[in-house]
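Worksheet for the structure shown next.
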2 protein chains.
Amino acid sequence: MINEMYRERLNNKSVIRDLAEYAARRGSEIGYENVFDYSLGNPSVPTNPDFTKAVIDMYENEPPMKIHSYSPTLGITAVRETIASSLKRRFGLDYEAKHIFPVSGAAGALAHALRAVTKPGDTVLTFAPYFPEYTPYVNDTGAVLKVVPARTEDFQINFSEFEKMLDSDVAAVLINSPNNPSGIVYSEDTLKQLSSMLGDAEKKYGHDIFLISDEPYREIVFDGKKCPYPSRYYPNTLSCYSFSKGLSLPGERIGYIAVNPAASGADILVPIFGQISRGIGHNCPTSTMQLAVAKVIDETSDLSVYETNMNLLYDKLVELGFTVVRPGGTFYIFPKALEDDAYAFSKKAMKYDLILVPSDNFGCPGYFRMAYCIDTEKVERSLPVLEEFVRTEYGR
Amino acid sequence: MINEMYRERLNNKSVIRDLAEYAARRGSEIGYENVFDYSLGNPSVPTNPDFTKAVIDMYENEPPMKIHSYSPTLGITAVRETIASSLKRRFGLDYEAKHIFPVSGAAGALAHALRAVTKPGDTVLTFAPYFPEYTPYVNDTGAVLKVVPARTEDFQINFSEFEKMLDSDVAAVLINSPNNPSGIVYSEDTLKQLSSMLGDAEKKYGHDIFLISDEPYREIVFDGKKCPYPSRYYPNTLSCYSFSKGLSLPGERIGYIAVNPAASGADILVPIFGQISRGIGHNCPTSTMQLAVAKVIDETSDLSVYETNMNLLYDKLVELGFTVVRPGGTFYIFPKALEDDAYAFSKKAMKYDLILVPSDNFGCPGYFRMAYCIDTEKVERSLPVLEEFVRTEYGR
C-alpha cells in the first residue's frame, strides 16, 4: 500500500522550485539570458581545476579495484585522517580520524546528526530565517522542528525568544552560518552567547543539548574575513560540511560530519552514524569522491564572483531605499520587500523578468531572497531593471 | 542526547565483518595469500574499461558546471530515459523515464522502496536464507521484517510456510534473486506461483501488496542462462538494481528503482521516492556516476571468473560429500555444514585458514556461506586445504 504521508506531500509545491521552473519556461520564450533568475542556490563557478586533475589522475593511474571498492562503513580511513588534520590546522580542535564521518553532502550529514542526538518526540530548535528543507529533514526523524523568530535588525540570534523556547524537550539546536537565506555570518559574540545559554540549559535540564552546525557556505565569506567556527565555542557540536559550494560540486554529494573531540560520546558518535546509515540506505558517499576531495582538501573554487555580485546588489538595493542587512558570506541576500505581502511583491517583479523568492517559507514573512550565484554581467544588467520595477510599482 | 536505540546496536557485532577482520589480521601474520578468505562479497574483477574511459572523457571534455551540478530531485532525465529503454529492450516492459529513480546503490533503493509502500507497523516478508542487512533496512522504516523459513532442498520458495504467514498485515514481500547467500536463481515457476499467491492475497485482503525485488546480482548468472525478471510476473513490482556487482563499482553507490509501468500508482511512485529522499538525506546518487553508467548501460565487467570459481568449489564440495545446491548465479555458495552447529564448524575451519561464514544470521542455521569473489588461483589452492579440513575434522 502506498504510504499516505508521502503521497500527501506531493501536493505541497516548493515556491523556489516553482519559480525556477517558471524562469526556465520564460527563458525558452525570451531567451534565458533575459530572465534575471535569482531563484536557485546553484554554484555558478566551475570546480577547482586541481580537483578535475586529481580525478583524472586517479582513473588513469590507480587500479579500478582500489578506487571503486566498498568504502569502510565509517568512511575511508586515510580520507578521514586528511579531513581531521585539515580541520585541526585551521580551527585548532584536536580532531582525529575517529571524529570524522564522510557523508553524501549536507543533507546526508543532517540525516545522521539529527538521528544520532534526538529521539522521536524531541524538539529541535532552529532560527528564522532558515532553509525550508530543514522541516522534512528534522520531522522525518520523528523529532519536531520549532523555529525561533528572526532578529530582523541584523539576522543574528533572537536570544530573548530563544530563551523562552529552550525548554527541557530541546535535544538539539540547528544553526546555519553563513546563512541561507540571509547571507549573515554569526559573530563570535553570537556564538559565545549561544554556547553560554546552551551550557546553562544542559545543567538546568540535566541532559546534553547538541549543536548541529550546518556549514555548506563556510568557505564563502566576504571582506577577507573568516567565518567563526561554531564548534570552537561549544563542545557538544556536530559540524556538518559539504563540498558542494566551496568546490562547486553540488551534484557529487560529498561532505562530512566532524564531531567535536570534547563532545559527550565523541568516541561513539561516528560508530552511531554508521548504524544510522544502514536504515536510511546511506552506505557512505562514493569512494572516488572521498578520495578526490581529500587530494584538494584545503582548496576551493575561485569564489570571488559571489562577493562582486553581492556588492553590486547590496549597493543598488540601498540606493533604492530597501531595508537590507549586508551579507557576510554565501551567495544570498535577503532584503525587506516593499510591501507586507512578499508573494505580491515577487509576483509584480516577475513582470520585469526579475525572479525573486518570497520569504514566507524561510520563516520570516515580508522579505525576499536573491540567490546571486549567476554571472556578474547578468547582475549588472539586472540593476536598471530592478530600479525600473521599484520606481514603477512602488513610486520610489 | 545520544539516541539509545542506535547506541545499543553498537554492541551487535557482525559475524561477517568479524571474520573478515580476523582474515586480515591472520593475513598480516602469514601473508594474506595464505588465508582462504571466503568471508566478504566484494567484487574481485575490475570494472569495464569502457566505464573508465567514459568517466575520463567526461572529466576532460565536459564543462565542470554541467557534470557536477545538482541532479534534479528525481534523477537526471536523460539517464532515466537510457535506463528505461535498456530495461524495455531487455525485459519487454513498457518502462519510461518516469518509472525510473536513480539511487545510491541497493541500500538506497531499498530505503526508498520500503518506505514508499509500507507504513510503520506493516509486515514485510522475506525468505530464508536472506541478506542479514534486511533487518535494519526494514525495521528502521518502522515496518516489521518477518522471515519465511527456507526450502532447503533447492532454496526456492517455501510456499506452504509463505501461505501461513501471508496475512492482512503484509504490505510488501522482499525477494533477492539471484540470492545472497544461496546463489540460487528463482525459477519461472517460483515467480509464477509467488505472483499468483500475491494476487490472491491482494484480492482477499483488499489492498495492494508490493513485491520489492532486490537484484544486485542480476547480471551474474551461470550456464549461459538469464535470470527470470520478477517484474514480468507480477505488476506491483519495484525492481531494485545496483551496478555494484555487474560493473564492479560497489564503492560508487549507483543503482536505480524501476517501477513496473502496470503497478498501482506507477505514475506517482517515483515522485514519492523523491519525497522520501528529503528526510533520509539521500538527494540522488552523484551526477557523474549517473552520467557514467548511462554511457555503458548494457555492459558489464568480465564476470566469468565467478562461474569458474563456482564450478571448482561445487565439484569439490560434492566430492567431499557436502549437501549443497548448485548456484545459478552470484558469487556465493551455501553448503550444509558437517555438524549442526555452523559456528563450531566455521571455527574448526579457521584452524586451516579457511574463512567460512556460519549461516545463522542468514535465517537458516546449520549452513555456511562461501563468497568466491576471489582469484581462481586461490580457489584452486584452497581445495586440498578444504579436503584436509574435512578429512581430519570429520573423518570423511
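From A:Thr330, A:Thr323, which residue is of a type in the set (Ser, Thr, Tyr) and open to solvent by 10 Å² or more (accessible area, probe 1.4 Å)?
A:Thr323
What's the number of the condition B:Arg396 fails, among (1) under 23 Å from B:Pro250 (Cα atoms); (2) touching a Leu at 6+ places or on another chain (Cβ under 7 Å); (3) in a loop (DSSP other than H, G, I, E, B)?
Tallying (1) under 23 Å from B:Pro250 (Cα atoms); (2) touching a Leu at 6+ places or on another chain (Cβ under 7 Å); (3) in a loop (DSSP other than H, G, I, E, B), B:Arg396 fails exactly one: (1).
Any residue at all in the range B:17-29 that is open to solvent by less than 30 Å² (accessible area, probe 1.4 Å), more than 26 Å from the chain's Cα centre (by Cα) and more than 30 Å from B:Lys351 (Cα to Cα)?
no
Taking the range B:350-376 as the search range and keeping residues that are among the acidic types (Asp, Glu) and open to solvent by 30 Å² or more (accessible area, probe 1.4 Å), which one is farthest from the chain's Cα centre (by Cα)?
Only one residue fits best here, namely B:Asp375.
For the list (1) within 20 Å of B:Ala20 (Cα to Cα); (2) open to solvent by 50 Å² or more (accessible area, probe 1.4 Å); (3) among the hydrophobic types (A, V, I, L, M, F, W, C), I need the number of the one condition that B:Val379 fails.
(2)
Which number in (1) modelled with pLDDT of 95 or more; (2) farther than 30 Å from A:Ala20 by Cα marks the one condition that B:Val15 misses?
Of everything listed in (1) modelled with pLDDT of 95 or more; (2) farther than 30 Å from A:Ala20 by Cα, B:Val15 misses just condition (1).
Would it be correct to say that B:Ala172 is buried (at least 24 other Cβ atoms within 10 Å of the Cβ) and either closer than 21 Å to A:Arg278 by Cβ or without any contact (Cβ under 8 Å) to a residue 60 or more places away in the chain (or both)?
Judged against the criteria, B:Ala172 is a match.
For B:Asn11, work out the one condition from (1) in a helix (DSSP H, G or I); (2) within 14 Å of another protein chain (Cβ to nearest Cβ) it doesn't fulfil.
(1)
Go through (1) open to solvent by 10 Å² or more (accessible area, probe 1.4 Å); (2) within 13 Å of chain B (Cβ to nearest Cβ); (3) modelled with pLDDT of 95 or more for A:Thr288 and report which single condition fails.
(1)
Among (1) facing another protein chain (nearest Cβ under 7 Å); (2) surrounded by fewer than 24 Cβ atoms within 10 Å (Cβ to Cβ); (3) more than 17 Å from B:Ile280 (Cβ to Cβ), which single condition is A:Asp267 missing?
Exception for A:Asp267: condition (1).
Applying the selection to the range B:14-60, what residues are closer than 21 Å to B:Arg381 by Cβ and within 11 Å of chain A (Cβ to nearest Cβ)?
Matches in the range B:14-60: B:Ala20, B:Leu40, B:Gly41, B:Asn42, B:Pro43, B:Ser44, B:Val45.
Restricting attention to the range B:294-344, and to residues there that are among the small types (Gly, Ala, Ser) and within 24 Å of the chain's Cα centre (by Cα), which single residue is nearest to A:Met65 (Cα to Cα)?
Across the range B:294-344, the extreme among qualifying residues is B:Ser301.
Can you pull out the helices (runs of 4 or more DSSP H) entirely within the range A:32-115 that have at least 2 residues that are open to solvent by less than 30 Å² (accessible area, probe 1.4 Å)?
A:49-61, A:77-91
Here are some conditions: (1) over 23 Å from B:Ile268 (Cα atoms); (2) more than 7 Å from chain A (Cβ to nearest Cβ); (3) hydroxyl-bearing (Ser, Thr, Tyr). B:Ser69 meets all but one. Which one does it not meet?
Only one criterion is unmet by B:Ser69, namely (2).
Determine whether the range A:137-152 contains at least one residue that is at positive phi and open to solvent by 20 Å² or more (accessible area, probe 1.4 Å).
yes
Return the only residue of B:Leu125, B:Leu145, B:Leu114 being more than 10 Å from every other protein chain (Cβ to nearest Cβ) and either touching a residue at least 40 places away in the same chain (Cβ under 8 Å) or charged (D, E, K, R) (or both).
B:Leu125
Does B:Thr300 count as surrounded by fewer than 24 Cβ atoms within 10 Å (Cβ to Cβ), among the polar types (S, T, N, Q), more than 7 Å from chain A (Cβ to nearest Cβ) and touching an Asp or Glu at 6+ places or on another chain (Cβ under 9 Å)?
yes
In the range A:158-250, which strands (runs of 3 or more DSSP E) lie fully inside it and hold 2 or more residues that are farther than 30 Å from B:Thr288 by Cβ and within 14 Å of chain B (Cβ to nearest Cβ)?
Result: A:170-175, A:210-214.
The values are calculated or read from the model by the stated rules, or taken from the named source; none is laboratory data. Since we're looking at a predicted model, the values are computed, not measured. Cβ coordinates were reconstructed from backbone atoms using ideal geometry, including for glycine residues, and neighbour counts include every protein chain displayed. To get the accessible areas, we keep the full protein, side chains included, count just its heavy atoms, and leave off ligands, DNA and RNA. Shrake-Rupley method; radii C 1.70, N 1.55, O 1.52, S 1.80 Å.
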